[in-house]
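> Let me begin by handing over the structure; questions about it come next.
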Amino acid sequence: MSGSPDNPLLPLCQIPAGGLCRVRMLAGDPAFCQRVREMGFGESSFVTKVSGSSTILCQVAGTRIALSHDAAVNILVEPLTRS
């Protein structure tokens with residue numbers, strides 16, 4: 001799965017602070033994918049990146065969660081615009 005030309009998939013770490021996105025694909029080994037799904041980062045989940053570059057602070061399903069940059073690289077998202 002890939003993003004549309006207007007909305008390409010990006011690693012979560014590349015979303016700017018305050019940006020809203022939707023998880024579209026998880027990369028990495030199956031154990032990692034299962035773990036981040038359990039944390040709320042399943043495919044189609046909405047995520048707001050609160051801050052960070054080496055440690056990424058996100059809000060997902062009403063909870064703030066910190067991820068390492070290495071983890072955020074493996075969460076591919078579709079950037080969204082707020083309406």
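Here, each number is a calculation from the coordinates, and none is a lab measurement. This one's a predicted model, so the numbers in the text were calculated from it and none came from an experiment. Every residue, glycine among them, receives a Cβ derived from its backbone with ideal geometry; neighbour counts consider all protein chains shown.
> Anything in region 15-40 that is touching a Leu at 6+ places or on another chain (Cβ under 8 Å) and among the β-branched types (Val, Ile, Thr)? List them, or say none.
Selection gives Val23, Val36.
> Sticking with this one: Hey, can you tell me all the residues within region 61-77 that are within 13 Å of Cys13 (Cβ to Cβ), exposed (fewer than 14 other Cβ atoms within 10 Å of the Cβ) and either touching a strand residue (DSSP E or B) at 6+ places or on another chain (Cβ under 6 Å) or among the charged types (D, E, K, R) (or both)?
Passing the criteria: Ala66, Asp70.
> Just need a number here: residues in region 34-60 that are more than 12 Å from the chain's Cα centre (by Cα) and either in contact (Cβ under 8 Å) with a residue 40 or more places away in the chain or surrounded by fewer than 14 Cβ atoms within 10 Å (Cβ to Cβ) (or both).
Looking only at that region, the number is 6.
> When you look at Leu80, is it in contact with a strand residue (DSSP E or B) (Cβ under 8 Å, 6 or more places away or on another chain), surrounded by 18 or more Cβ atoms within 10 Å (Cβ to Cβ) and either in contact (Cβ under 8 Å) with a residue 12 or more places away in the chain or not aliphatic (A, V, I, L, M) (or both), yes or no?
no
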